[in-house]
């Protein structure tokens, strides 16, 4: 039977907010190991993780989302199975998506990673499958979303005309629920740690595509995600998003895409 590991990064997350996720993961028969990297230093969280036989990791400081997941990757071995699932703490599901995600990857060798249909808590779709961004799209979504012209651009970027009747390929899928192969994560050297927070999953998707692998969305399985959109508020988090966007476009092109790919 195929196995998978799970990587979860948290920062000042109340343990009570993780109880539902922990309960769901404890029911997963194919789960080989759960890795929780604490970007803080929460003794209660450490206790809750270790009492379940899971692996708690921390360096006592906030090293960022991608860097923390890379520390988890360093701990993975072949004994943990072929697959690795990167998730956010505010994820839950009624029916486990893992068996279908594993089955799809096993049946499609050129598929590098899959994401289920991600819903809001009220059941509406989050549209996390996206086309490649432009600087104007990222800027417009944040500051000019009420503009009719921008709304049309956003719909295209968020692939809102895409049918969710069957699996489809997407240029970008979200790091909130990213099911992939351990070997592929190693091939692309994990996340680029220059991104402290935000767009590190976009960069990872670009690297996966460069290996010749597809990124797929599986609408037949669904999860619910809190999706707080903290970067839509003014302050440090918004500044981090802007910094990450600059790093992304410095690498992948401001006016034209460095790979010659079309953008939303």
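At what distance in angstrom do the alpha carbon centres of segment 188-221 and segment 233-255 lie from each other?
Between the Cα centre of segment 188-221 and that of segment 233-255, the gap is 17 Å.
Take every Cα pair under 8 Å in segment 7-106 that's 6+ residues apart, average their separations, divide by the length, and report that relative contact order as a whole percent.
The normalised contact order for segment 7-106 reaches 37 percent.
Pairing the Cα long axis of helix 65-75 with the longest principal axis of the chain, what angle in degrees results, from 0 to 90 and rounded to the nearest 10?
Rounded to the nearest ten degrees, it is 40.
If you average the C-alpha positions of segment 1-27 and of segment 84-109 separately, how far apart do those two centres end up, in angstrom?
Here the answer is 13 Å between Cα centres.
How big is the antiparallel share of DSSP beta bridges in the chain, given as a percent to the nearest 5?
So the antiparallel bridges amount to about 35 percent of the total.
From the C-alpha coordinates alone, can you work out the Kirkwood hydrodynamic radius of the chain, in Å?
Kirkwood hydrodynamic radius for the chain: 19.0 Å.
Largest first, please: the extent of the C-alpha atoms of segment 75-207 along each principal axis, to the nearest Å.
Here the spans come out as 52, 35, 28 Å, largest first.
Compute the helix-to-body angle for 98-107: its Cα long axis versus the longest principal axis of the chain, expressed 0 to 90° and rounded to tens.
So the helix axis and the longest Cα principal axis differ by about 70 degrees.
Label-point separation (nm) for residue 251 and residue 136, each offset 7 Å from Cα along Cα-to-Cβ?
Result for the modelled spin labels: 2.5 nm.
How high is the relative contact order of the chain, in percent, with contacts defined as C-alpha pairs under 8 Å that are six or more residues apart?
23 percent
Output the 0 to 90 degree angle, nearest 10, between the alpha-carbon long axis of helix 236-252 and the longest principal axis computed from the alpha carbons of the chain.
Long axis of 236-252 versus the principal axis of the chain: about 70 degrees.
The numbers here are math on the coordinates, done by the rules we state, and not lab data. All values reported here derive from a predicted model rather than from experimental measurement. Reconstructed Cβ throughout: ideal geometry from the backbone, glycine too, with neighbour counts over all protein chains shown.
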